[in-house]
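Enquirer: My questions all concern the structure below.
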Amino acid sequence: MLAVTGIVVCLVVAIAGLMIAVADGGATLVWLRRVLDGWLIAGSLLTLGWVLLLHSADQSGNAFGSLQDLARVVTDVLVFGLLVALRYSMERSERTATTVAALALIVLIASDMLRILMPASGTWYGIPCAAACSITGMLLIAVAPWLAGGTSVVDVDRRIMPVVGVVAAFVPVAICVLALTAHTMVGGRTDMVLLVLAGLLPISLGIRQGIIHADHLRITREATTREALYRALVDGTRDVITIVSLDGRVLYVSPAAHHVFGYRPEDLLGARLPLYCHPDDLTPLIQAVETLRQEAASGIRGPGRRMSCRVRHADGRWRHVESTVSHHTEGMIFSSRDVTDRVAQQVQLEHLAFHDALTGLPNRALFADRVAHALRKRTTRTAPPAVLFMDLDGFKAVNDSAGHAMGDALLIHAARRIQASVRAEDTVARLGGDEFAALLEGEAGAHPARAQDVAERILSALTQPYQIAGKEALVSASIGLTVALPGVTPDELLHQADEAMYEAKRAGKGRIRLHIPQPRQTRNSPSPEARQTAKPLHAPDEPAAHGLGQ
């Protein structure tokens, strides 16, 4: 009697463990469905067992022995159901629970073998050995769902119930119906227990189907809500979402494509990459796509790639686009944003950092960089660069008397006149205030007379009257000219031109002074006091005060 009681208790615990093991969510409807599934399985088995018990009792009159046989059959079926449930509910790497369940099956099989092969196999502390094995196996069944790989460590919301799990409750019910039919056809007796069990099964099955239908409606509503939310997010964002297959075919384009690029999304479906991409930007796009394709082929899901490219708008203009390319279940997903305005602002900021805001000419920093670049690229076969420093004479008087607006307009006109007096490949810069500079490359350094001609053109242009807002303004300029020697640094070259310009001012303004660079001092070279650093053009034998523009 003790063995039978233990087996019945373990059966109840095992059924509870089976229900927990196959539970796949915390929703109320899902829980109720699992409870009914567990009852359909257990109730069908109990009904089947009761039919067998009645049939055995009719034949032998030994109801107790038939009840033990019933426990053995139900136990084996429960173990098999538990293993199936665990197999489809657990991850592949989680094996502890299934291992314990398998061990339980081995123990129960041993119990069955003892009953069959050794009907009187002895007792253990008063309990038959076969019954002891049954109790041990059922305890292992009850423990299995709570071990590693069971419900205590697995996120039940992530489980996927296969088709076998869905129809599992119908199999024992069908077997039970067949057994009842066979029992009735052979004239077996029927009692109140059998009638209650047989009546509860179809009622439970109907309730289960109603719950499944309600759960299906809930899932459908949730899916519809999620889809509506997804549509609202995708349709409302200004980013263009594009889904592309691994072979480069466009599968989906969000409505923002029409606003950003001027193309209708339906017109882009089926097109292939590269899609309206600038030819110079194809390489990073192809590399990103190829990397994702290789990762997908090898089963790797790496991080997304960020890339920038230009895309042709429907009106023919190029738009700067930043995209994040990542994996998608159907291939790749591009999240693209139009950053043309930001790129334009960056270009403008970079321009302002190296250009004068008033005249648009390069500023002192960019001019110094251009001079350094000209010195670096100079070789023995190329002519050295020449530098002109210019300061407007009389500008302060115009600015103070006519106002700053008049002074700014005069500076703009002066900048245009200087630019018109040099070649397109030469660099003209505003250094600050009324100071300008020009970098002459090519033959100007090899032939100072040509640099001199440029300086004279600039001086002549700057001394012409300025007609601004109906007023006339007159200014002149003092110009310093120097030519680079081998070994000179950019700072030294600029300093030499600056000193020549101040020499022109000291000579009376409106003049040009040429700095005569001297070779590096050697053992026999004259002292610095004996060297002349600046001399007037056209009249090398006259005093330094002589010059042009007077």
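The values are calculated or read from the model by the stated rules, or taken from the named source; none is laboratory data. All values derive from a computational prediction rather than experimental measurement. Neighbour counts are summed over all protein chains in view; Cβ atoms, including those assigned to glycine, are modelled from backbone coordinates with ideal geometry. We work out accessible area using only protein heavy atoms, side chains counted, and drop any ligands, DNA or RNA first. Shrake-Rupley method; radii C 1.70, N 1.55, O 1.52, S 1.80 Å.
Enquirer: Dipole of the stretch 192-341, Cα-centred, from +1 at each Lys and Arg C-beta and -1 at each Asp and Glu C-beta, to the nearest 20 debye?
Expert: I would put it at about 220 debye.
Enquirer: Excluding ligands and nucleic acids, what accessible area in Å² is computed for Ile241 using a 1.4 Å probe, to the nearest 10?
Expert: Accessible area of Ile241: about 30 Å².
Enquirer: Sticking with this one: Just the C-alpha atoms of the stretch 219-335: what Rg/Rh do they give, with Rh taken as the Kirkwood radius?
Expert: Taking Rg over the Kirkwood Rh, I get 0.99.
Enquirer: To continue, here is another question. Per q in 0.18, 0.21 Å⁻¹, report the Debye log10 I(q)/I(0) for the stretch 319-438, using one uniform scatterer on each alpha carbon and no solvent.
Expert: Per q value, in the given order, log10 I(q)/I(0) is -0.99, -1.16.
Enquirer: His313: net charge of surrounding residues, Cβ under 13 Å, Lys/Arg +1, Asp/Glu -1, itself excluded? Write out the running numbers ahead of the final one.
Expert: Working: positive: Arg310, Arg312, Arg317, Arg319; negative: Asp315, Asp338.
For residues surrounding His313, the net value is +2.
Enquirer: Now, a different point. Work out the length of the dipole vector of the stretch 455-499 about its Cα centre, built from +1 on the beta-carbon of each Lys and Arg and -1 on the beta-carbon of each Asp and Glu, and round it to the nearest 20 debye.
Expert: Numbers: 2 positive and 6 negative charges, 62 e Å.
Roughly 300 debye for the stretch 455-499.
Enquirer: Moving to a separate point now. Highest mean first, how do 470-481, 283-294 rank when packing is the count of other Cβ atoms within 10 Å averaged over residues?
Expert: Descending mean neighbour count gives 470-481, 283-294.
Enquirer: A further question on this structure: If you average the C-alpha positions of the stretch 263-281 and of the stretch 409-465 separately, how far apart do those two centres end up, in angstrom?
Expert: 48 Å
Enquirer: While we're on this one: Counting only the heavy atoms of the protein chains, how much of His258 is accessible to a 1.4 Å probe, in Å² to the nearest 10?
Expert: Rounded to the nearest 10, that gives 100 Å².
Enquirer: Another question about this same structure. Please list the radius of gyration and Dmax for the stretch 399-451, considering alpha-carbon atoms only, with Å as the unit.
Expert: Spelled out, the Cα radius of gyration and Dmax of the stretch 399-451 are 13.8, 43 Å.
Enquirer: Can you give the charge dipole size of the stretch 362-451 about its Cα centre, rounded to the nearest 20 debye, using +1 on the beta carbon of Lys and Arg and -1 on the beta carbon of Asp and Glu? Intermediate results must be reported in sequence, preceding the final value.
Expert: Working: 12 positive and 11 negative charges, 96 e Å.
My answer is approximately 460 debye.
Enquirer: Note the direction-averaged projected area, equal to a quarter of the hull surface, for the Cα convex hull of the stretch 218-275, in nm².
Expert: Working: hull surface 18.5 nm².
Its Cα hull, projected and averaged over all orientations, spans 4.6 nm².
Enquirer: When the convex hull of the Cα atoms of the stretch 427-473 is projected onto a plane and the area is averaged over all directions, what value comes out in nm²?
Expert: Its average projected convex-hull area is 4.1 nm².
Enquirer: Looking at Ser460, Met501, Ala484, which one has the Cα that reaches farthest to the positive end of the dipole of the stretch 444-508 (charges on Cβ: Lys, Arg +1; Asp, Glu -1)?
Expert: Ser460
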